[in-house]
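Taking it in order: structure first as structure tokens, then the write-up.
Just so it is clear, none of the values below were taken in a lab; they were calculated from the coordinates. None of the values given here were measured: they were computed from a predicted structure. Please note: Cβ atoms are built from the backbone with ideal geometry, for glycine as well, and neighbour counts cover all protein chains shown.
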Amino acid sequence: MALNGKNALTVLSATILVGVELLVAGVAGGWALAGMFGLGEIGAWVLEAAGAVLALYFVAQFWRSANRVEPIVE
């Protein structure tokens, strides 16, 4: 079992890019929904946290899929 450096760099870079975009979108979406419905500061925190958890779930799914396409360890 050898580490494929090229695939590792590609998968890691893509996961970081997608992860940051999803995390920011999840938190911003929670903030926007709380503001739109007038839920206050606590409501905003709850929706932001829910968006962040959902985003992290999708990042994990992306990581698994990317590893299937370009395996890091061969």
For segment 26-44, what are the residues that are assigned to a helix (DSSP H, G or I) and either loosely packed, with under 15 Cβ neighbours inside 10 Å or without any contact (Cβ under 8 Å) to a residue 12 or more places away in the chain (or both)? Ala28, Ala32, Gly35, Met36, Phe37, Gly40, Glu41, Ile42, Gly43
Do you know which residues across segment 11-25 are surrounded by fewer than 16 Cβ atoms within 10 Å (Cβ to Cβ) and either charged (D, E, K, R) or in contact with a helix residue (DSSP H, G or I) (Cβ under 8 Å, 6 or more places away or on another chain) (or both)? Ala14, Glu21, Ala25
Residue pairs qualifying under the 9 Å Cβ cut-off, at least six apart or on distinct chains, with the first in segment 1-18 being more than 21 Å from Gln61 (Cβ to Cβ) and the second being loosely packed, with under 11 Cβ neighbours inside 10 Å, are Met1/Val73; Met1/Glu74; Ala2/Val73; Ala2/Glu74; Leu3/Val73; Leu3/Glu74; Asn4/Val73; Asn4/Glu74
Report, by residue number, each residue of segment 1-26 that is under 9 Å from the mean Cα position of the chain (by Cα) and either charged (D, E, K, R) or more than 23 Å from Ala50 (Cα to Cα) (or both). Glu21
